[in-house]
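The values are calculated or read from the model by the stated rules, or taken from the named source; none is laboratory data. In this text, all values refer to a predicted model and were calculated from it rather than measured experimentally. As a convention, Cβ positions derive from the backbone with ideal geometry for all residues, glycine included, and neighbour counts pool all protein chains shown. Calculation scope for accessible area: heavy atoms of the full protein, side chains included, ligands and nucleic acids excluded. Shrake-Rupley method; radii C 1.70, N 1.55, O 1.52, S 1.80 Å.
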Amino acid sequence: QVQLLESGGGLAQAGGSLRLSCAVSGSRFTANAMGWYRQAPGKQREMVAVMNAAGTMNYGGSVKDRFVISRDNAKNTAYLDMNNLRAEDTAVYYCLAVVRLEDAEAYKDYWGQGTQVTVSS
């Protein structure tokens, strides 16, 4: 089984920065894509940033040039540096890891429990 542990959410002022971390742990597995989605009250969940194992990154349009995703493959940990935060970045951020267990044929999506990010204007 695989578990995702998120950390780093909290309160920030507009223009400030926060860093999220997501560590994947469990039995033998291979992690492909890792990243974050977010969901604000009354809105659909949207992609924030995703990086695959080869290092290819994709960003949501509203965070491009402000957020930076990175990962440490040796630690199976992904990071999201959020800079120049805006009030509209306020949401619950969910970590996603696309993982294949050693005895499985297919990759499967695993989600973290979510961490609240609140930006005050």
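The table that follows gives values for the structure above.
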item	result
Whole-number accessible area per residue in Å² for the chain, which is evaluated in the context of all protein chains at 1.4 Å	54 Å²
Among Thr56, Leu20, Thr118 - extreme Cα towards positive end, dipole of the chain, charges at beta-carbon	Thr118
Reach of Lys75 by Cα under 28 Å, taken over lysines that are not fewer than 8 positions away in the same chain	Lys64, Lys108
The range 34-113, dipole about Cα centre (Lys/Arg Cβ +1, Asp/Glu Cβ -1), debye to the nearest 20	220 debye
Cleavage-rule hits, GluC sites (Glu not before Pro), the range 44-121, DSSP coil, Cβ neighbours within 10 Å at most 11	Glu102, Glu105
In Hz, Karplus ³J(HN,Hα) per residue of the range 111-117 (6.51, -1.76, 1.60; θ = phi - 60°; x = Gly, Pro)	10, x, 7, x, 9, 7, 10
Under 17 Å from the Cα of Lys43 - aspartates and glutamates, other chains or at least 8 residues apart	Glu88, Asp89
Separation in nanometres of the label points that stand 7 Å from Cα toward Cβ, at Asp81 and Asn52	2.4 nm
Cut-off 12 Å, label 7 Å out along Cα→Cβ of Ser62, residues of the range 79-94 by amide N	86-92
